[in-house]
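Bear in mind these aren't lab numbers, they're just calculated from the coordinates by the rules spelled out. Since this is a predicted model, take the numbers as computed values, not measurements. Cβ atoms come from the backbone with ideal geometry, glycine included; neighbour counts cover every protein chain shown.
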Amino acid sequence: MTKGQSNSKVFQGQFIISNRREEIESAQHRVVEEVAARGRDEAGCFAIRLAMEEALTNAFKHGNRDHPEKTVKLDCRIDAQAVVIEIEDEGEGFDLESVPDPTTVENVEIPAGRGIMLMRAFMTDVRFFPPGNRLRMTYGP
């Protein structure tokens, strides 16, 4: 399900996404389309799409544990200055401090933590909210 309001300056949208590839891709496409419509270049659109992909993958895989009946909520607010994306899963959350740092020598071969690292690398700000099943990513000031 998608709800959204768009004018030439601001887009605010809410997506309730089930764990189906076509729903996930549809939501991502719509968000990136709205981002591009507000003047972001190809590199900015790529960064936002990649961070969203990582966040949604984590929400479905780790948060909802791939449960077929659980959904993920994606809220966004997009204008010419900033893109704010919130993603919330139906899981119990997690402790961010317990996620291994994938850049340390002892964790290089462990896949855990890479998605969070990419989100932080491509977005201006990434915040997780207790109990750890909701995050807010910002691109822009």
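Can you tell me which residues in segment 10-31 are within 19 Å of P141 (Cα to Cα) and touching a Phe, Trp or Tyr at 6+ places or on another chain (Cβ under 9 Å)?
Once the filter is applied, which keeps residues that are within 19 Å of P141 (Cα to Cα) and touching a Phe, Trp or Tyr at 6+ places or on another chain (Cβ under 9 Å), segment 10-31 yields only V31.
Within segment 57-66, which residues are in contact with a strand residue (DSSP E or B) (Cβ under 8 Å, 6 or more places away or on another chain) and not in a helix (DSSP H, G or I)?
Narrowing segment 57-66 to residues in contact with a strand residue (DSSP E or B) (Cβ under 8 Å, 6 or more places away or on another chain): 59-60, 63-64.
Selection gives N64 alone.
Of H29, H62, which residue is more than 27 Å from P130 (Cα to Cα) and within 14 Å of the chain's Cα centre (by Cα)?
Result of the check over H29, H62: H29.
Residues in segment 29-56 that are touching a strand residue (DSSP E or B) at 6+ places or on another chain (Cβ under 9 Å) and closer than 19 Å to V126 by Cβ: how many?
The qualifying residues number 10.
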